[in-house]
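Here is the structure we will look at.
The values are calculated or read from the model by the stated rules, or taken from the named source; none is laboratory data. Remember, predicted model here, so these are calculated numbers, not experimental data. No Cβ is skipped: glycine too gets one built from the backbone with ideal geometry, and neighbour counts run over all protein chains shown.
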Amino acid sequence: MTRFLIADDHSLVRKGLNALLREEFPGARVVEVGDTAGLIDQAVKEKKWDLIISDISMPGRSILEVLEQLKTLLPNTPVLILSVFPEDQYVIRALKAGAAGYLNKDSSPEDLIRAIRQLLQGKKYVSAEAAELLAGFIGKDPHRPPHEKLSAREFDVLKRIASGKSVSDIAADLSLSVNTISTYRSRILEKMGMHHNAELTTYAISNKLV
C-alpha cells in the first residue's frame, strides 16, 4: 500500500489531489492536513510515508523551515512541493531546504503523476525551466537576485513584512520575541542593501515573492 500525506490549506485542492492519487494508486492510503503544524504532527505520528505533497504557502511556520525539520525526522521520505509561485522564485530555495521535487500548480495532472512516480522511484523531479535555474545556481551566476542571500527564516520574515505585517505581528506568528524579529529585519535590510520596509515590499511584489 502506497502512503501519501497531503498538506494544503485549501480543502478543494486537497480533495482534488486525494481523488487523483486514489485513481492512479488504487488502495493507497491518503491523509490530508491544512497547515504546517498538522504536517509535522502527522508526519511524526506515523513516520511511514512514501511521499509527502505540500503546498509552499500555508498557515503556520515557513514550509522551508518545515522541510529542514522533515529532512531530519524522515530522511528517507521525499517531499514534493506544489506552488503557485514562479519556479525562479522558490525552486532553488525549496530544494536546498530538502524538497525532492518542485512543481507549479498550473502544471497538468499528467505532469503531477509523472513527478510523483519519479519521486517514488527515489529520483528528483524539476521541470525543464527549473533545471536551467539550477544550472545557473551551480555555476554561481553573479546576477542571482538579492533575496537568494537570505536564510530560510530571513526569507520568511521578508515575505511577512512585504505582506504588511508589523514586527510584533510577525513575532506572535512565529512565537519569537519582538527583538529577535527586529534583528532578522536588520539583517535582511543589510543583506539586500535596503533601508526601509517600503523598499522590501516593493522588491517582494516586483519579484512575485508575495
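So, in segment 67-82, exactly how many residues are assigned to a helix (DSSP H, G or I) and either touching a strand residue (DSSP E or B) at 6+ places or on another chain (Cβ under 8 Å) or under 20 Å from LEU112 (Cα atoms) (or both)?
Matching residues across segment 67-82 total 2.
So, in segment 60-76, how many residues would count as being surrounded by fewer than 17 Cβ atoms within 10 Å (Cβ to Cβ) and under 12 Å from the mean Cα position of the chain (by Cα)? Full working, then the answer.
So the first thing to find is which residues in segment 60-76 are surrounded by fewer than 17 Cβ atoms within 10 Å (Cβ to Cβ), and the list is 68, 71-73, 75-76.
Those left that are additionally under 12 Å from the mean Cα position of the chain (by Cα): 68.
Qualifying residue count, segment 60-76: 1.
From VAL84, VAL79, VAL91, which residue is surrounded by fewer than 15 Cβ atoms within 10 Å (Cβ to Cβ), on the phi < 0 side of the Ramachandran plot, within 11 Å of the chain's Cα centre (by Cα) and of a type outside the set (Lys, Arg)?
VAL84
Would you please list the contacts, defined by Cβ atoms under 7 Å and residues six or more apart or on different chains, that run from a residue in segment 19-30 that is in a strand (DSSP E or B) to a residue that is surrounded by fewer than 16 Cβ atoms within 10 Å (Cβ to Cβ) and not acidic (Asp, Glu)?
Note: pairs meeting the criteria are ARG29/MET1; VAL30/ARG22.
If ALA115 passes every condition in (1) among the aliphatic types (A, V, I, L, M); (2) touching a helix residue (DSSP H, G or I) at 6+ places or on another chain (Cβ under 9 Å); (3) surrounded by 22 or more Cβ atoms within 10 Å (Cβ to Cβ) but one, which one does it miss?
Unmet for ALA115, out of (1) among the aliphatic types (A, V, I, L, M); (2) touching a helix residue (DSSP H, G or I) at 6+ places or on another chain (Cβ under 9 Å); (3) surrounded by 22 or more Cβ atoms within 10 Å (Cβ to Cβ): (2).
So which residues in segment 159-184 are within 18 Å of LEU64 (Cα to Cα) and among the charged types (D, E, K, R)?
LYS159, ARG160, ASP173
Sort through ASP88, ASP156, ASP169 and tell me the only one that's at pLDDT below 85 and either in a helix (DSSP H, G or I) or in the same structural domain as GLU32 (by TED's automatic domain parsing) (or both).
ASP88
Scan LYS71, LYS47 and give me the residue that is without any contact (Cβ under 8 Å) to a residue 40 or more places away in the chain, under 30 Å from ALA171 (Cβ atoms) and not small (Gly, Ala, Ser). Even if it seems obvious, please write down each step before you answer.
Details: LYS47 fails: under 30 Å from ALA171 (Cβ atoms).
Just one listed residue meets the conditions, LYS71.
Scan segment 35-66 for residues that are closer than 18 Å to ILE116 by Cβ and part of a loop (DSSP other than H, G, I, E, B) and jot them down.
LYS48, TRP49, ASP50, ILE56 - these are the residues of segment 35-66 that are closer than 18 Å to ILE116 by Cβ and part of a loop (DSSP other than H, G, I, E, B).
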